[in-house]
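Okay, structure first, notes after.
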């Protein structure tokens, strides 16, 4: 490995033969914004260093994030406008307790799992606007738009239902220990508006936990691009790339850093797009409902017609963005435990820290009106390079998204992974929740990460346990 790649690991890496030493990360994953929290509410606290006025705004935003929206007209005008089509009645319906969604079980319909739709071609998605000419464009599926919504208000047909079946893939570690992975397959039935295009591209996306997103937004763009340049200059297969996407609040193309393909540049754009696409709530940024010409009952519904006043006002929308931006990452648990320290060393040896870059120092984010200066200048430890990587054929969705191709996914942050079960009652990981825990997530890695996965396959049970315990301590 070249010196430039080693620089990514900085103080994080230790010699393969060195005795475990105290972790330089310590406990404060989010600098002064870190909170010491575990249990069901671990992802729902404001940054520890907010002012009293900011905390008040945080809790106002929280109320609109978690409360259900209702169908218009209603007596509660501040919360009406649901639909016509939707997948959840609130932001918190997908991000339960500000945490992570999971695939449905027992043939239930998904809430925290949405399915992006498009067809090949050149055009602008419903959430995009006019993109830069150098960026690959996707065209919404002509009948069902750019995502599949399985719920609807009264007198409007739902778009249909989703079926998920799993194929079992078996393998074994070098020591002979067997494992089984679940490969999901998605299909649609009871389609309300006729068949989909034969060349439809489908991409499942699970709702991720929201802790620390404001800190991630404040990572300098130059640092993310430096990750890409260092990986390009180093030997080996890991060659991350940045995505570039249209940002409606800024009115320009920006570096993508949110979403499973880094297909959103800012929390502000992500929030307005989710209100429109997931709940059917229009805003000044996205004033039109996501109805297509093939859905006449959607277009003719009280809120489906174009030209209506936005259903969420700018102040309320801004408070919801602020709420998400100031959600605190929880402190690590037992960072200096001997098994955790051993796992940290194994994590580095497997070269996991190249893509899951441990640390950054934040600057000012792109939308200070929706964030807090308390997030600036913090040493944070999210464990991500925020770049796109080819993760192999097994994880590929075949669907482009901005500059991302059908085999690429963004490196997700690892902070808080060990608390997902406490918050959400499950440990489903990866972009569609197929992995049942950290070790399965590693075993799905292919493409650029194949060599790292193979190193893990050679680990003995004690080493595998230590690796998992380290990741779950973050």
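Per-residue counts of other Cβ atoms within 10 Å, averaged by peptide: what ranking do you get for 180-186, 193-199, 41-47, highest first? Each step should come with its number before you reach the end.
Values: 180-186: 14.1, 193-199: 12.1, 41-47: 22.6.
Packing proxy ranking, top to bottom: 41-47, 180-186, 193-199.
Rounded, prolate or oblate, given the Cα gyration tensor of segment 254-327, with a/c below 1.5 counting as rounded? The partial results should precede the final answer.
Values: a/c = 2.89, a/b = 1.62, b/c = 1.79.
Verdict is oblate for segment 254-327.
Which shape class applies to segment 417-464: rounded if a/c is under 1.5, otherwise prolate when a/b exceeds b/c and oblate if not, where a ≥ b ≥ c are the square roots of the Cα gyration tensor eigenvalues?
Working: a/c = 3.28, a/b = 1.55, b/c = 2.11.
Oblate is the answer for segment 417-464, as a/c is 1.5 or above yet b/c matches or exceeds a/b.
Rounded to the nearest 500 deg cm²/dmol, what is the calculated helix-only ellipticity per residue at 222 nm for the chain, with -39500 (n - 2.57) per DSSP H run of length n ≥ 4? If you can, show how the numbers build up before the last one.
Working: 14 runs with 117 residues, N = 474.
The helix-only estimate for the chain comes to -7000 deg cm²/dmol at 222 nm.
I want the antiparallel fraction of DSSP beta bridges within the chain, as a percent rounded to 5.
Numbers: 38 of 40 bridges.
Counting only bridges with both partners in the chain, antiparallel ones make up about 95 percent.
What is the packing order of peptides 294-301, 267-274, taking the mean over residues of other C-beta atoms within 10 Å and listing the highest first?
Numbers: 294-301: 18.6, 267-274: 25.4.
The densest-packed peptide leads the list: 267-274, 294-301.
Suppose R0 equals 56 Å. What FRET efficiency, 1/(1 + (r/R0)^6) with r the Cβ-Cβ distance, do residue 460 and residue 59 give to the nearest 0.05?
For residue 460 and residue 59, the calculated efficiency is 0.70.
Quick one: if the Förster radius is 25 Å, what FRET efficiency do residue 337 and residue 421 give, using the C-beta to C-beta distance and rounding to 0.05? Write out the running numbers ahead of the final one.
Values: r = 18 Å, r/R0 = 0.73.
About 0.85, to the nearest 0.05.
How do the peptides 356-369, 323-336, 228-241 rank, highest first, by the average count of neighbouring beta carbon atoms within 10 Å per residue? Numbers along the way, then the final one.
Details: 356-369: 18.2, 323-336: 23.8, 228-241: 16.6.
Packing proxy ranking, top to bottom: 323-336, 356-369, 228-241.
Could you check the spin-label model distance between residue 451 and residue 161? Points 7 Å from the Cα along Cα→Cβ, value in nm.
4.8
Grab the eigenvalues of the alpha-carbon gyration tensor for the chain, scale each by 5, take roots, and send me the semi-axes largest first in whole angstrom.
Working: eigenvalues 257, 130, 86 Å².
Semi-axes (√(5λ), whole Å): 36, 26, 21.
Compute the Cα gyration tensor for segment 46-106, then decide on rounded, prolate or oblate, letting a ≥ b ≥ c be the square roots of its eigenvalues: rounded whenever a/c is under 1.5, prolate when a/b is larger than b/c in the other cases, and oblate in all that remain. Don't jump to the answer; show the numbers that get you there.
Working: a/c = 4.32, a/b = 1.28, b/c = 3.38.
Note, shape of segment 46-106 comes out oblate.
Read-outs: derived from the displayed coordinates by stated rules, not from any lab. Small disclaimer: the values here were computed from a predicted structure and weren't measured. Note that each Cβ is placed from the backbone with ideal geometry, even for glycine, and that neighbours are counted across all protein chains shown.
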